[in-house]
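Worksheet: one structure, shown below.
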Amino acid sequence: LGGTITRAIQQMSNATIIDEKVLNECLNEINRALLNADVQFQLVRNMQNNIKRIVNIEDLAAGHNKRRIIQQAIFNELCNMLDPGKPAFTPKKGKTSIIMFVGLQGSGKTTTCTKYAYYHQKKGWKPALVCADTFRAGAFDQLKQNATKAKIPFYGSYTESDPVKIAVEGVETFKKENCDLIIVDTSGRHKQEAALFEEMRQVSEATKPDLIVFVMDSSIGQAAFDQAQAFKQSVPVGAVIVTKMDGHAKGGGALSAVAATKSPVIFIGTGEHMDEFEVFDVKPFVSRLLGMGDWSGFMDKIHEVVPKDQQPELLQKLSEGNFTLRIMYEQFQHILKMGPIGQVFSMLPGFSSSELMPKGQEKESQAKIKRYMTMMDSMTNEELDSSNPKIMNDSRIMRIARGSGRHVREVMEMLEEYKRLAKIWSKMKGLKIPTRGDMNMR
Ligand code: GDP
Ligand code: MG
């Protein structure tokens, strides 16, 4: 998808005159890309119409950068589509909240319930898990295993077959124990069927949840809208969690789920493990939907904030795609200073300050980055300039640890971080770098 969008915009950049025809061709290509990313047909159509309304080629005042305006319009429109206009219910620590999870079997409900509980437990909450899935054999065992691993109290039964009864008993039990987050996992069944929706209605009416979370597998494709709508019609869904975002799916179904439930996405699941769970953030999500990062916006930013004399070198490095430890060192310097180049890089996934320096952990993160830099100070030029991580053998790692007075484990951690960032950086390889002239299409 990224390729297609980038190509569409690139083609538009190459056109000397941007007229209705060029805009339509660009929009058509973007539509195809969005459909491929599982964005629902109707939503794509709506978006196209909105963009045409916003970007009126005739009305664009001369002197404006049309390509940039169109691009920005697409980005904003997708962000708007993910914003239902009102936030989801947010539980308050110390006050009991009941959160019910619904979704088809296999969507990731049980896994996500545990992730949600664990996420809050790490922040000092007292969560508890209730297994109201009496439909699938082994459902209780699965929840029990997850809960035990995370040391979270759980409730369920091997013999009771009435999900409503278990849900109510579980909720009552944990209310008495002063848990502030009581999470009710429910059954899914294989397909949407009346019995499932009736069961959800009953569990919901009996437990009176403060929030009902619809859990959706990101790989279900165009089915997302109908599925989300079917749940919303049965119970008052108030939030969405999209799972398996670590797979191939770009997550376009999230737009459908938001449209169908009129509820925001609150988290995304990015793996099978308990901590592979992220707070949903609209902009990076849309960047991903459009491909890796918003490259063209990124280029604009470079032209905007990086001193002219430093641009060619930076762009050259980017297009080569070889990320060396020296480049990482330099980026760390920029990020710590938060100078112009630091600002540019914070637009990249992986390099963003929310990832390198998460909120509330700025001090620790800065210290970590400085620690990494101290270790890199003990590296040879050969090591710093190599883009082959294999040269970092045990004896080199040991030498660096000794030289910088750090632990071998820390050197290895720093090299892991390097590999992570190198992977992101490599996606920029071969990027055609527009010159100043290309950027100003008038
Ligand atoms: P449920 O039937 O809705 O309760 O779904 P489960 O929680 O049992 O999950 C179904 C499968 O999806 C399990 O194998 C999970 O490990 C897997 N799963 C859940 N969330 C994620 C995720 O975010 N990423 C990946 N890769 N797998 C996930
Ligand atoms: Mg389950």
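List every residue pair whose Cβ atoms lie under 7 Å apart, where the two residues are 6 or more positions apart in sequence or sit on different chains, the first residue falls within region 320-337 and is within 18 Å of S378 (Cα to Cα), and the second residue, located anywhere, is basic (K, R) and assigned to a helix (DSSP H, G or I).
Short answer, once both residue conditions are applied: I327/K317.
Given the criterion acidic (D, E), within 16 Å of ligand 2 (Cβ to nearest atom) and more than 21 Å from R201 (Cα to Cα), identify the matching residue among D141, D133.
Just one listed residue meets the conditions, D141.
Given the options D246, D217, name the one that is of a type in the set (D, E), within 16 Å of ligand 2 (Cβ to nearest atom) and in the same structural domain as L104 (by TED's automatic domain parsing).
D217
For F154, state whether it is more than 26 Å from the chain's Cα centre (by Cα), within 13 Å of ligand 1 (Cβ to nearest atom) and under 23 Å from G269 (Cβ atoms).
The answer is no for F154.
Of all residues in region 135-150, how many are touching a Pro at 6+ places or on another chain (Cβ under 8 Å) and more than 13 Å from ligand 1 (Cβ to nearest atom)?
Matching residues across region 135-150 total 0.
For region 167-225, how many residues are of a type in the set (K, R) and either in contact with a Ser or Thr (Cβ under 9 Å, 6 or more places away or on another chain) or surrounded by 21 or more Cβ atoms within 10 Å (Cβ to Cβ) (or both)?
Residues that pass the stated criteria total 2.
Kindly establish whether R201 is farther than 18 Å from A117 by Cβ and away from ligand 2 (no atom under 15 Å from the Cβ).
Answer is yes for this residue.
Quick check: anything in region 271-284 out of contact with any Gly (no Cβ under 7 Å at 6 or more places or on another chain), crowded, with 19+ Cβ neighbours inside 10 Å and at pLDDT 95 or above?
no
Out of region 10-37, which residues are at pLDDT below 60 and within 26 Å of the chain's Cα centre (by Cα)?
Across region 10-37, the qualifying residue is only Q10.
In region 88-116, how many are of a type in the set (S, T, N, Q), part of a loop (DSSP other than H, G, I, E, B) and more than 11 Å from ligand 1 (Cβ to nearest atom)?
Count: 2.
Could you list, in sequence order, the residues of region 101-130 that are touching a strand residue (DSSP E or B) at 6+ places or on another chain (Cβ under 6 Å), of a type in the set (A, V, I, L, M, F, W, C) and within 13 Å of ligand 2 (Cβ to nearest atom)?
If the condition is that a residue be touching a strand residue (DSSP E or B) at 6+ places or on another chain (Cβ under 6 Å), of a type in the set (A, V, I, L, M, F, W, C) and within 13 Å of ligand 2 (Cβ to nearest atom), then F101, V102, C113, L129, V130 are the ones that fit.
The values are calculated or read from the model by the stated rules, or taken from the named source; none is laboratory data. Bear in mind the structure is a predicted one, so any value in this text is a computation, not a measurement. As a convention, Cβ positions derive from the backbone with ideal geometry for all residues, glycine included, and neighbour counts pool all protein chains shown.
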